[in-house]
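Comments concern the structure below.
What follows draws every value from the coordinates through simple rules; no lab data is involved. Keep in mind it's a predicted model, so treat the numbers as computed, not measured. For neighbour counting, all protein chains shown are included, and Cβ atoms are generated from backbone atoms with ideal geometry for every residue, glycine included.
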Amino acid sequence: MLPQPNVFQKRAVLYGNSKFLKDITHNLTGSLNHCQMNIGLAIKSIRKKLSITQYELAEKCELSQTSLSQIETGVKRPSQRTIYKVCNVLDIPESIIYIVAMQEADVPPSKKGVYELVYPSIKSLALQMVSSEHLVLVGA
């Protein structure tokens with residue numbers, strides 16, 4: 001019988017590609033600072049994938065449920081500190097949020113062809129990093 005990987009080994013496998021994913025996102029958009037990414041929708045998608053309620057996430061992030069709702073619906077843009085808190089609570093690298101949040105409008109016309117070719121696979125890989133195995137690590 002093979003030994004079972006410990007939590008740290010699982011996290012290494014789970015997050016091993018996060019720098020790679022962030023680099024690709026940066027290369028496709030040119031800069032993360034000038035994007036119109038839908039961070040709120042990305043947070044909502046990941047939260048739902050992990051079967052965490054809005055109330056639970058808001059409470060763990062020390063936000064009001066109203067604030068989280070406004071972020072998820074795009075009424076309010078989250079601060080960098082809030083993004084950090086959410087990622088910390090969900091135990092995911094920030095790059096996952098940015099990858100899931102990326103929209104075609106964020107990509108310069110000169111890179112649209114590359115975006116259309118690789119983005120679906122990159123997004124799928126990022127979402128696979130947030131899986132049922134991840135739920136065990138987060139303790140949900």
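Each of K48, K76 was scored by other Cβ atoms within 10 Å of its Cβ. Listed from fewest to most, they are K48, K76. Annotation: extensible slack from K60 through V118 equals 17.5 nm (criterion: 0.36 nm per residue apart, minus Cα-Cα distance). Computed over neighbours whose Cβ is under 15 Å from that of K76, the net charge equals +3, Lys and Arg +1, Asp and Glu -1. Counting charges near L41 (Lys, Arg +1; Asp, Glu -1) among other residues having Cβ under 14 Å from its Cβ returns a value of +4.
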